[in-house]
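**Q** Just passing along the structure, written as structure tokens.
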Amino acid sequence: MIVAGCDVGSLTAKAFIMNEKGKIAGEIIRVRSTTIDSATEVMEKALASAKLRFSDLDYCCSTGYGRYEIPFAQMNMSEISCHGLGAFRADQSIRTIIDIGGQDCKIILIDAEGNVLDFIMNDKCAAGTGRSLEILAKTIGLDLEELGDLAIKSKKPINITNKCSIFMELEVLNNLYTRKKLKHIACGIADAVAKRVAYLAKAIDIEDNICITGGVSKNPGVVRQLAYHMNSSFTSLPVDPQIIGAFGAAFYAMQKLTMEPGP
């Protein structure tokens, strides 16, 4: 029995293929011009890695912004449900998931069986998201991956006071013009995003253990500053945190076929 989860978000598309014993293959790509193109390409890459074909898939569950437009998926689930189940299946001690994606941030609470108890979401502004990091990294001439590595080298983040991404960019430019050290600017960018997420977290009763999912989970600068502002530590997952949505979707697909009880 082979199932898959496909997660098409605002910046990346993810696919995860598994059988009854667990992982076979997973892939992540930048989104293409359409949801169908993104989903098809990332699934083809995952299938090729597993030496499989589309016809080998018994069931597929889609999630993410593009979940309704994926033609090869037989079912779909919200990204909140998939991140909740995915994180729980990766580590059953997890009770809070901070999902920082391309265009939104979600904080999800789950119970001891992986059921979603509550969540809060910020999708009104790019500040505190991967898209904001990407824009600000470009402003100082860095790739997104370079930003986190440089930010972690500083313990003196510049203070970015604006809450709007556009005005944050102007602040960053001003710090460039006044010749602030680039590592302090990078740390300030990471700190600004972390503060937005920490502020959102105050609106919900989070519980330990906490994990971070989504692409921003791979930014060590943001993770360090978020731990500082929340006065918390985060549990590392044994699965790539950026692919947790697709991972959870694959488990929903497996449950559908096996009628396994679960959230």
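Only the coordinates and a few stated rules stand behind these numbers; no lab work does. None of the values given here were measured: they were computed from a predicted structure. For neighbour counting, all protein chains shown are included, and Cβ atoms are generated from backbone atoms with ideal geometry for every residue, glycine included.
**Q** Express in nm, to one decimal, how much length is gained between Gln103 and Ser49 on full extension, taking 0.36 nm for each residue of separation and deducting their alpha carbon distance.
**A** Here the segment from Gln103 to Ser49 would lengthen by 16.6 nm.
**Q** Could I ask something else about it? Where is the GNM fluctuation largest for the chain (alpha-carbon springs, 10 angstrom cutoff): Lys202, Lys163, Lys106?
**A** Ranking Lys202, Lys163, Lys106 by mean-square fluctuation puts Lys202 first.
**Q** With angles folded into 0 to 90 degrees, how steeply does helix 79-90 sit against the dominant principal axis of the chain? Use alpha carbons for both and round to 10.
**A** 80 degrees
**Q** Taking the Cβ-Cβ separation of Thr161 and Ser78 as r and a Förster radius of 30 Å, what is the calculated FRET efficiency to the nearest 0.05?
**A** Computed FRET efficiency for Thr161 and Ser78 comes out at 0.30.
**Q** PRE reach from Tyr199 (point 7 Å along Cα→Cβ): which of region 155-176 fall under 19 Å by backbone N?
**A** Those under the cut-off are 157-173.
**Q** Measuring from centroid to centroid over Cα atoms, what is the spacing of region 68-121 and region 205-219 in Å?
**A** 11 Å
**Q** In the Gaussian network model of the chain, springs joining C-alpha atoms below 10 Å, which of Lys218, Lys156, Lys21 carries the largest mean-square fluctuation?
**A** Per the Cα network of the chain with a 10 Å cutoff, Lys21 tops the list.
**Q** Determine which lysines satisfy two conditions relative to Lys180: a Cα distance under 29 Å, and not lying fewer than 8 residues away in the same chain.
**A** Cross-link targets: Lys138, Lys153, Lys155, Lys156, Lys163, Lys195, Lys218.
**Q** Of the candidates Ala39, Ala253, Ala48, which one comes out as most mobile in a Gaussian network treatment of the chain with C-alpha springs shorter than 10 Å?
**A** Result: Ala48 has the largest fluctuation of those listed.
**Q** Ratio of alpha-carbon Rg to the 2.2 N^0.38 Å globular estimate for region 93-236, to two decimals, please.
**A** Scaled against compact globular proteins, the figure is 1.02.
**Q** Most exposed first by the Cβ proxy, i.e. fewest other Cβ within 10 Å, how do Arg196, Arg89 rank?
**A** Ranked by crowding around the Cβ, least crowded first: Arg89, Arg196.
**Q** Tell me, what HN-Hα J-couplings in whole Hz come from the Karplus equation 6.51 cos²θ - 1.76 cosθ + 1.60 at θ = phi - 60° for each residue of region 226-239, using x for Gly and Pro?
**A** The phi angles translate into 5, 4, 5, 5, 8, 6, 9, 10, 10, 7, 7, 8, x, 10 Hz.
**Q** On to the next question. What distance in nm lies between label points placed 7 Å from Cα along the C-beta direction at Lys180 and Asn231?
**A** 2.6 nm
**Q** Under a crude label model (7 Å from the Cα following the beta-carbon direction), how far is Met259 from Asp56 in nanometres?
**A** Those two pseudo-labels are separated by 2.8 nm.
**Q** Treat every Asp and Glu Cβ in the chain as -1 and every Lys and Arg Cβ as +1, leave all other atoms uncharged, and give the resulting dipole magnitude about the Cα centre to the nearest 20 debye.
**A** For this selection, approximately 1060 debye.
**Q** Chymotrypsin sites (Phe, Trp or Tyr not before Pro), restricted to region 67-105: which are DSSP loop and have at most 15 other Cβ atoms within 10 Å?
**A** Within region 67-105, the qualifying chymotrypsin sites (Phe, Trp or Tyr not before Pro) (loop, at most 15 other Cβ atoms within 10 Å) are Phe72.
**Q** To continue, here is another question. Just check region 1-123 against the gyration tensor rule for me: Cα atoms, a ≥ b ≥ c as the square roots of the eigenvalues, rounded for a/c under 1.5, and otherwise prolate or oblate depending on whether a/b exceeds b/c.
**A** oblate
**Q** Write out the GluC sites (Glu not before Pro) in region 93-200 meeting two conditions: DSSP loop, and at most 15 other Cβ atoms within 10 Å of their Cβ.
**A** Taking region 93-200 and a limit of 15 other Cβ atoms within 10 Å, the loop GluC sites (Glu not before Pro) found are Glu113.
**Q** As a footprinting exposure proxy, order Ile166, Ile189 by other Cβ within 10 Å, with the fewest listed first.
**A** Ascending number of Cβ neighbours within 10 Å: Ile166, Ile189.
**Q** Can you list the HN-Hα couplings for region 12-21, worked out from phi with the Karplus curve (6.51, -1.76, 1.60; θ = phi - 60°), rounded to whole Hz and with x for Gly and Pro?
**A** With coefficients 6.51, -1.76 and 1.60, one gets 9, 10, 10, 9, 9, 10, 8, 10, 4, 8 Hz.
**Q** Something else about it: How much length, in nm to one decimal, is gained on full extension between Asp91 and Leu11, taken as 0.36 nm per residue of separation minus their Cα-Cα distance?
**A** Length difference between fully extended and current span is 26.2 nm.
**Q** While we're here: With a cut-off of at most 13 other beta carbons within 10 Å, and DSSP calling the residue loop, which GluC sites (Glu not before Pro) in region 1-63 qualify? Please list them.
**A** Passing both the DSSP loop test and the Cβ count: Glu20.
**Q** At a 10 Å Cβ-Cβ cut-off, how would you order Thr96, Thr161, Thr213, fewest neighbours first?
**A** Taking fewest neighbouring Cβ atoms as first place, the list is Thr161, Thr96, Thr213.
**Q** Between Asn115 and Glu69, what length in nm is gained on full extension when 0.36 nm per residue of separation is reduced by their alpha carbon distance?
**A** Gain in length upon complete extension: 14.0 nm.
**Q** Applying the Karplus parametrisation 6.51 cos²θ - 1.76 cosθ + 1.60 with θ = phi - 60° to the phi angles of region 216-225, what ³J(HN,Hα) value in whole Hz is obtained for each residue in order, glycine and proline being reported as x?
**A** 5, 4, 8, 9, x, x, 5, 4, 4, 5
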